[in-house]
1. Can you tell me which residue among 159, 149 is surrounded by fewer than 18 Cβ atoms within 10 Å (Cβ to Cβ), under 30 Å from residue 207 (Cβ atoms) and within 21 Å of the chain's Cα centre (by Cα)?
2. Just one of the numbered conditions (1) without any contact (Cβ under 8 Å) to a residue 60 or more places away in the chain; (2) assigned to a loop (DSSP other than H, G, I, E, B) is not true of residue 187; which one?
3. With the requirement that a residue be buried (at least 17 other Cβ atoms within 10 Å of the Cβ) and in a loop (DSSP other than H, G, I, E, B), what does region 50-68 give you?
4. Condition first: surrounded by fewer than 17 Cβ atoms within 10 Å (Cβ to Cβ) and in contact (Cβ under 8 Å) with a residue 60 or more places away in the chain. Can you find one or more residues in region 168-177 that meet it?
5. When you go through 88, 71 one by one, which is the residue that is more than 21 Å from the chain's Cα centre (by Cα), surrounded by 15 or more Cβ atoms within 10 Å (Cβ to Cβ), assigned to a loop (DSSP other than H, G, I, E, B) and touching a residue at least 60 places away in the same chain (Cβ under 8 Å)?
6. Kindly check whether there is at least one residue in region 133-145 that is touching a residue at least 12 places away in the same chain (Cβ under 8 Å), in a strand (DSSP E or B) and surrounded by 17 or more Cβ atoms within 10 Å (Cβ to Cβ).
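Each value in this text was obtained by applying a stated rule to the coordinates, not by laboratory testing. Just so you know, these numbers come straight off a predicted model, no measurement behind them. For neighbour counting, all protein chains shown are included, and Cβ atoms are generated from backbone atoms with ideal geometry for every residue, glycine included.
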């Protein structure tokens, strides 16, 4: 392989991370045919299909997985060098930044982040990645995302974090619940029907406390996301347990805000919500700026 086109590397990295020709084209601001053409050139150079289309998207081959880490490092080094040479200017930059958020974070944090970024960097592109807390540390290590906001402290060499707020769990229910008024007893908590959210955001603390206390809920509905709760709870007998800040946000919902927040009838420890990034971000003017601006946007958050 005497001559290799370095311009193919960003395409390879983006396709490996998105698993989609369409998403890769959107990320790189090029056409889908140009992605297909570049992939054809890579396949020819490596004599390997590299990515195979199936019902889940473009799946990398063993060789593609082996190449990814090295190609990602090259792409990051080139990107960092270009950023440093250009002296990153937030006011004029059109750079893409990737932030991993849960669906609660999209409701609660994203409006603040967008409002702030629109003031200081109106031309940048913010790409929100749906949070999977089990993969978040790997995403940061591999550069798949630039920052993560979640309720866990992510472990890993080079990962650092900044506290956003200290949270606690509460109960959310319809404001006109027929049997639960201004307080919630343990008997009511156990006998009333519940919505249980099985999220990938890592909110398992309340469940762990309930198991320790040998308390069982009567689950009526299971959901994958918290964000639909304001549309479901009003006018029902359902209860749900969730962090206080998002619960209060749901109560202020302009359309379906007929909800109320009550204290839980048992103790659940408070927990921090943290902003995470990789230490290599400190070597990139753009990434360091992005993390600092996220901290600024969220500095006044209170549970």
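1. Numbers: 149 fails: surrounded by fewer than 18 Cβ atoms within 10 Å (Cβ to Cβ).
Result: 159 is the single residue among 159, 149 that is surrounded by fewer than 18 Cβ atoms within 10 Å (Cβ to Cβ), under 30 Å from residue 207 (Cβ atoms) and within 21 Å of the chain's Cα centre (by Cα).
2. Against the list (1) without any contact (Cβ under 8 Å) to a residue 60 or more places away in the chain; (2) assigned to a loop (DSSP other than H, G, I, E, B), residue 187 comes up short only on (2).
3. Matches in region 50-68: 50 only.
4. For region 168-177, residues surrounded by fewer than 17 Cβ atoms within 10 Å (Cβ to Cβ) and in contact (Cβ under 8 Å) with a residue 60 or more places away in the chain: present.
5. Working: 71 fails: assigned to a loop (DSSP other than H, G, I, E, B).
The conditions single out 88.
6. For region 133-145, residues touching a residue at least 12 places away in the same chain (Cβ under 8 Å), in a strand (DSSP E or B) and surrounded by 17 or more Cβ atoms within 10 Å (Cβ to Cβ): absent.
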